[in-house]
Amino acid sequence: MKYNNWYAIQTAALCEAKVRRDILARRTQLGDTHITDVEVPESTEMEITAVGKQKIKKVKIVPGYVFIRVTPETSQEDGQEPTIGFPTLSHDIIMSTPNVLGFAGPNRKKPYSMGSDEIQRLFKLVDNSHLEVKTNVLSNYSVGDTVDIVSGPFAGSSVIIDAIQSDKIITTIDICGRLSRLELNVEQVYKKS
């Protein structure tokens, strides 16, 4: 991924995905070749619901903003040196898209390019977040860990993990003075940090 020529566009609340779709559609419809990428950076987070189930959800890293990569336009008039600037057609497409409030910066009508290190840092949060959640779901648990059962008939009990088989956690539980084998899903247990 290239990290130069990125611009931040401020949007109306909760309209980031709609603005992204509209800009991409208008780009295709009007034949713009300078808008190369339109992104709404999201990270993946795992939350535990009130019932105790683990739920994976997408969260916008910078709510209210869409990031767009626009290659500069080179124009040259007779006898003068070439000038590099923001393409007029791309500017018109962005500013006339519904729910776009303007460019981030002191003047909403004028685009300000983001630094490549700044945009690289932003996209690193996106690139690694899905890996983090996947490893947290299964490698969060290991044999010998004490976990709480949060759903099912044994909710509220604490058990020790005996084995892990693919996505099942094998443990034993004391029922009327007798140890019984119990298979649990990852969603049924919660490990305190």
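Tabulated data for the structure shown
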{"read-out": "Length-normalised contact order of the chain in % [C-alpha pairs under 8 Å, at least 6 apart]", "value": "22"}
{"read-out": "Percent carbon-and-sulfur accessible area, the chain, ignoring ligands, DNA and RNA, probe 1.4 Å", "value": "50"}
{"read-out": "Residues of the stretch 101-122 with amide N under 17 Å of the 7 Å Cα→Cβ point at ILE61", "value": "114-122"}
{"read-out": "P(r) weight above 14 Å for the stretch 70-112, C-alpha pairs, percent", "value": "55"}
{"read-out": "Rel. contact order, % - alpha carbon contacts under 8 angstrom, at least six apart, the stretch 1-85", "value": "36"}
{"read-out": "For the stretch 1-61, size of Cβ-based charge dipole, Lys and Arg +1, Asp and Glu -1, in debye", "value": "180"}
{"read-out": "Whole-number D in µm² s⁻¹ for the chain, Kirkwood Cα-pair radius fed into Stokes-Einstein, 37 °C, 0.692 mPa s", "value": "160"}
{"read-out": "Helix runs (DSSP H) in the chain reaching 18 Å along axis by Cα, Kyte-Doolittle at least -1.0", "value": "16-30, 116-139"}
{"read-out": "Rg ratio (alpha-carbon, reference 2.2 N^0.38 Å) - the stretch 1-88", "value": "1.53"}
{"read-out": "Label zone at TYR141 (point 7 Å along Cα-to-Cβ), backbone N below 16 Å, the stretch 51-69", "value": "52-56"}
{"read-out": "Radius 12 Å from Cβ of ASN185, net charge of other residues (Lys, Arg +1; Asp, Glu -1)", "value": "-1"}
{"read-out": "Positive-end residue, the chain charge dipole about Cα centroid, Cβ charges, pick of GLN29, ASN185, THR172", "value": "THR172"}
{"read-out": "Coil-residue trypsin sites (Lys or Arg not before Pro) of the stretch 34-95, DSSP, other Cβ within 10 Å capped at 15", "value": "LYS53"}
{"read-out": "Leading residue at positive end of dipole, the stretch 1-146 (Cβ point charges), from PRO87, THR71, PRO41", "value": "PRO41"}
{"read-out": "FRET efficiency, 1/(1 + (r/R0)^6) with R0 45 Å, evaluated for CYS176 and LYS109 via beta carbons", "value": "0.05"}
{"read-out": "Mean accessible surface per residue for the chain, computed with a 1.4 Å probe while every protein chain stays in place, in Å²", "value": "61"}
{"read-out": "Computed E for ASN4/GLU47 - FRET, C-beta separation, R0 30 angstrom, nearest 0.05", "value": "0.25"}
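The values are calculated or read from the model by the stated rules, or taken from the named source; none is laboratory data. Computed from a prediction, not measured in an experiment: that's the story for all the values here. Don't worry about glycine lacking a Cβ; one is built from the backbone with ideal geometry, like all the others, and counts go over all protein chains shown. Surface areas here come from the heavy atoms of the whole protein model, side chains and all, with no ligands, DNA or RNA. Shrake-Rupley method; radii C 1.70, N 1.55, O 1.52, S 1.80 Å.
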